[in-house]
Amino acid sequence: LTYAWIFNEYPTFVHQDNRRFVSQETGNLYIAKVEASDAGNYTCVVTNTVTNSRVLGPPTPLILRNDGVMGEYEPKIEVQFPETVPSAKGTTVKLECFALGK
């Protein structure tokens, strides 16, 4: 399976950069330092790479609050490392680790 996210309407996909990341392990979309331009609807797209079939989830709205109130999230570090990661010499290994909350 591969994961992608549509921003507002197809064919506008979320592009990964310094603030946006799509986990290919969980399908989660992470956005750091949310900006006004991030507001809109996000739809998850899951693709079966064997059959090339796709399934879209329901749109999830991201709404910026103007009242200055932030949700409270206790600090949490998400790590899902396997015990061992076999790899060939000279290849790149990517491990996902996220610090969330405040």
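The values are calculated or read from the model by the stated rules, or taken from the named source; none is laboratory data. Quantities reported herein were computed from a predicted structural model and do not represent experimental measurements. Cβ coordinates were reconstructed from backbone atoms using ideal geometry, including for glycine residues, and neighbour counts include every protein chain displayed. When the accessible area is computed, the model is the full protein with side chains, heavy atoms only, and any ligands, DNA or RNA have been set aside. Shrake-Rupley method; radii C 1.70, N 1.55, O 1.52, S 1.80 Å.
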**Request:** Please indicate, with yes or no, whether at least one residue in the range 72-95 is within 15 Å of the chain's Cα centre (by Cα), modelled with pLDDT of 85 or more and among the aliphatic types (A, V, I, L, M).
**Result:** no
**Fill in**
Conditions (1) assigned to a strand (DSSP E or B); (2) loosely packed, with under 12 Cβ neighbours inside 10 Å; (3) hydrophobic (A, V, I, L, M, F, W, C) -> CYS44 fails only (2)
**Message:** Name the residue that is surrounded by the most Cβ atoms within 10 Å (Cβ to Cβ), counting only residues in the range 1-41 that are aliphatic (A, V, I, L, M) and assigned to a loop (DSSP other than H, G, I, E, B).
**Reply:** VAL14
**Request:** Pull up the range 76-102, narrow it to residues that are open to solvent by 90 Å² or more (accessible area, probe 1.4 Å) and without any contact (Cβ under 8 Å) to a residue 12 or more places away in the chain, then point me to the one that is nearest to LEU29 (Cα to Cα).
**Result:** LYS94
**Asked** Hey, among ARG54, ARG65, which residue is part of a strand (DSSP E or B) and among the basic types (Lys, Arg)?
**Response** ARG54
**Asked** Would it be correct to say that ASP38 is within 21 Å of VAL93 (Cα to Cα) and within 15 Å of the chain's Cα centre (by Cα)?
**Response** no
**Prompt:** modelled with pLDDT of 90 or more and either within 15 Å of the chain's Cα centre (by Cα) or of a type in the set (Ser, Thr, Tyr) (or both), is that true of ASN18?
**Reply:** no
